[in-house]
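The values are calculated or read from the model by the stated rules, or taken from the named source; none is laboratory data. Model, not experiment: these values are computed from the prediction. Note that each Cβ is placed from the backbone with ideal geometry, even for glycine, and that neighbours are counted across all protein chains shown. Keep in mind that these areas ignore ligands, DNA and RNA; they rest on the heavy atoms of the full protein, side chains included. Shrake-Rupley method; radii C 1.70, N 1.55, O 1.52, S 1.80 Å.
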Amino acid sequence: MNDRQDLHDDRTPAAVSPTESPERRMPDEIRAHIMVDPDYVDCFRLATAEPTTWSPERWARTALDDIAGAKGQFIWRVVLGLRLAPGAPDHVAGWRIAERAPSWIRVEATGWLIAGEILVHLDDEYASMVTAVRYHRRPAARVWRALSGIHRKAVPELLDEVDALRRR
């Protein structure tokens, strides 16, 4: 089994740990590419068995398009109200490609309730996936809090599945 790190920081008052903020533990080279002052951020890091030859975009497409698939689309579009662009070439699973570099890609989407970003970052040791959320409306914190447990279970599974597929 691969070594995983779950670094999350739910900034809603009831969930913040005063002794340990995962955002502080998030590597600077990752933190530099996410939105400023998100209301929620997490970073899941999967220690890879060997350096990956897959690009960050291929990791993102496999995780979000192929593995998250219809279930992800339902949550993103219906539950969170994100406006996604189906089938657009400059998008991943409908999320707009905001920025990319050889070692990372950041996709973003916005809706009436929240704005969100997903960053996939690769280095010689880890595949990392960061989710950052900014709330637009009062109920956003409650909705995200209800979904965040599912999210924190799903993302490590996505990383595991992508890693297993790329090693085939």
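For region 120-168, take the alpha-carbon Rg, divide it by the Kirkwood Rh, and send me Rg/Rh.
Using Cα coordinates only, the ratio equals 1.11.
What is the projected area of the convex hull of the Cα atoms of the chain, averaged over all directions, in nm²?
So the Cα hull casts an average projection of 9.4 nm².
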Shape parameters for region 77-168, alpha-carbon atoms, Rg then Dmax in Å: 14.2, 45
Portion, in percent, of the accessible area of the chain that falls on carbon or sulfur, probe 1.4 Å: 53
Positive-end extreme of charge dipole, the chain - chosen from 102, 130, 84 (charges on Cβ): 84
Helix-derived mean residue ellipticity, 222 nm - over the chain, DSSP H n ≥ 4, -39500 (n - 2.57), to 500: -7500 deg cm²/dmol
Rounded to the nearest 20 debye, dipole of the chain from Cβ charges on Lys, Arg, Asp, Glu: 800
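Explain nothing, just the number: relative contact order of region 58-168, from Cα pairs under 8 Å at least 6 residues apart, as a whole percent.
After rounding, I find 20 percent.
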